[in-house]
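A.B. asks: Dropping the structure in here first, questions after.
The values are calculated or read from the model by the stated rules, or taken from the named source; none is laboratory data. The model shown is predicted, which means the values in this text are computed figures rather than measured ones. Reconstructed Cβ throughout: ideal geometry from the backbone, glycine too, with neighbour counts over all protein chains shown. In case anyone asks, the SASA skips ligands and DNA or RNA and just uses the protein heavy atoms, side chains included. Shrake-Rupley method; radii C 1.70, N 1.55, O 1.52, S 1.80 Å.
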Amino acid sequence: MTLNLLVAPDFAPENFPGWYMLGTLLQHRSGTRLHLLMPADAREQAQMLADGLADLVYANPFDATSMIREQGYRAFARPAAHSNEMVIATAAGSPLATVEDLRPGCRIAVTDNRDVRLIGLRLLEPADLTEQDVQWEEVASYQAAARMTLSGQVDAGFFLASAYHALARITRERLKVLVESKLRDISHVLLAHPRVGSDLQPLAQALLAVDPDDAGDAQVLQALGLPRGFEPMELEDAEFMIDLMDTLLD
């Protein structure tokens, strides 16, 4: 049997080869063939999902919430010790020192990663800023957000924390962090469509058995950017994360 695994487009491009390495490893150990779907952006991802192409999805928490609730996907795993934190950063030479220094009308670079934007809006609350108080500059990538921030085209940028810390060192040295979230309980998750049924079990077992302490497995996990591997996600874990996302939306 072949299962299509869709990887969320907000996953760091430099770690894409890790998914192919992981797919090969899981195919060998589980006997289940995997075909990777790598949408370029949220629109292409939405089309693939609407066309029913994805049996498995590595989804960001915002998308996972609707997929679990509305389409019956089941969460079965998540990255271990790898929560979805986000960073609000400005240029190192900017007079801004804290989030509270941002004022109505400020310009912020943002990607179409909706969970990052959602968390960022919460982090803007100490500045008494709502979504309508900000001039949003849509960008295609976190690298583009960094370039706009450094050039002064925007006052600050919203970044997925893992993407921010993966920026080139010379880029990070020219930026400064105004705030970084510490939510801990929000992360990307691995979801299975109901049609996968019992065929999920051998694949899930193989995924959860990928061992960070094994040299070969660790090489795959490092390439993936998830050095601690994966842990099981139970129904109550998924429900807790969904409740937390609802709280952020309120």
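A.B. asks: Just to be sure I understand the model, the point goes 7 Å from the Cα along the line to the Cβ. What's the resulting HIS28 to GLU236 distance in nm?
C.D. replies: 3.7 nm
A.B. asks: Run the numbers on the chain and let me know its relative contact order in percent, using alpha-carbon pairs under 8 Å that are six or more apart.
C.D. replies: Relative contact order of the chain: 30 percent.
A.B. asks: At 7 Å along the Cα-to-beta-carbon direction for both ASP101 and ARG43, put a label point, then send me their distance in nm to one decimal.
C.D. replies: Between ASP101 and ARG43, the simple spin-label model gives 3.6 nm.
A.B. asks: Determine the relative contact order of region 185-246: mean sequence separation of Cα pairs under 8 Å and six or more apart, normalised by residue count, in whole percent. Kindly include the intermediate steps, with their values, before the conclusion.
C.D. replies: Working: 24 pairs, mean separation 19.2, N = 62.
Reported relative contact order: 31 percent.
A.B. asks: Rounded to the nearest 500, what is the chain's calculated 222 nm mean residue ellipticity when only DSSP H runs of at least 4 contribute -39500 (n - 2.57) each, over all residues? Write down the numbers at each step before the final one.
C.D. replies: Working: 10 runs with 99 residues, N = 250.
Helix contribution divided over all residues of the chain: -11500 deg cm²/dmol.
A.B. asks: For the chain, what does the accessible surface come to per residue with a 1.4 Å probe? Please give it in Å².
C.D. replies: On the way: 11840 Å² over 250 residues.
With all protein chains present, the chain gives 47 Å² per residue.
A.B. asks: Please list, ordered by chain and number, the residues whose modelled amide H lies under 5 Å from the amide H of HIS188; skip anything fewer than 5 residues away on the same chain.
C.D. replies: ASN84
A.B. asks: Of ALA109, HIS165, THR130, which is farthest on the positive side of the dipole of region 75-208, counting Cα position, with +1 on Lys and Arg Cβ, -1 on Asp and Glu Cβ, and the Cα centre as origin?
C.D. replies: HIS165
A.B. asks: Take every DSSP beta bridge whose two residues both sit in region 84-230, then give the antiparallel share in percent to the nearest 5.
C.D. replies: Once the DSSP bridges in region 84-230 are tallied, antiparallel ones form about 60 percent.
A.B. asks: Considering only the other residues whose Cβ falls under 11 Å of the Cβ of HIS193, what net charge follows from Lys and Arg at +1 and Asp and Glu at -1? Write down the numbers at each step before the final one.
C.D. replies: Numbers: positive: ARG74, ARG195; negative: ASP55, ASP199.
The answer is 0.
A.B. asks: Okay, next question. Where does each of 89-100, 128-139 land if you order them by average Cβ count within 10 Å, highest first? Provide the component values of the computation, followed by the final result.
C.D. replies: Numbers: 89-100: 15.7, 128-139: 14.0.
Top to bottom by mean Cβ count within 10 Å: 89-100, 128-139.
A.B. asks: Of all DSSP beta bridges in the chain, what percent run antiparallel (nearest 5)?
C.D. replies: Working: 19 of 33 bridges.
So the antiparallel bridges amount to about 60 percent of the total.
A.B. asks: Something else about it: For the chain, which whole-number percentage of the solvent-accessible area (1.4 Å probe, protein heavy atoms only) is attributable to carbon and sulfur atoms? It would help to have the intermediate numbers written out before the result.
C.D. replies: Working: 5880 of 11840 Å².
On the chain, the fraction of accessible area on carbon and sulfur atoms equals 50 percent.
A.B. asks: Using each residue's phi in region 83-99, evaluate 6.51 cos²θ - 1.76 cosθ + 1.60 at θ = phi - 60° and report the 3J(HN,Hα) Karplus result to the nearest Hz, with x for Gly and Pro.
C.D. replies: 7, 8, 8, 9, 10, 10, 10, 10, 5, 4, x, 5, x, 5, 10, 9, 4
A.B. asks: Additional query: At a 10 angstrom cut-off on C-beta neighbours, averaged per residue, how do the peptides 211-217, 64-70 rank from highest to lowest? Don't jump to the answer; show the numbers that get you there.
C.D. replies: Values: 211-217: 11.6, 64-70: 17.3.
Ranked by mean Cβ neighbours within 10 Å, highest first: 64-70, 211-217.
A.B. asks: Hey, another quick one. Kirkwood Rh over alpha-carbon pairs of region 109-250, then Stokes-Einstein at 4 °C and 1.567 mPa s: what D in µm² s⁻¹, rounded to an integer? Mind dumping the intermediate values first?
C.D. replies: Details: Rh = 17.8 Å.
Taking Rh from Cα pairs, D becomes 73 µm²/s.
A.B. asks: Give the separation of the Cα centroids, region 139-193 to region 70-121, in Å.
C.D. replies: Cα centres, region 139-193 to region 70-121: 7 Å.
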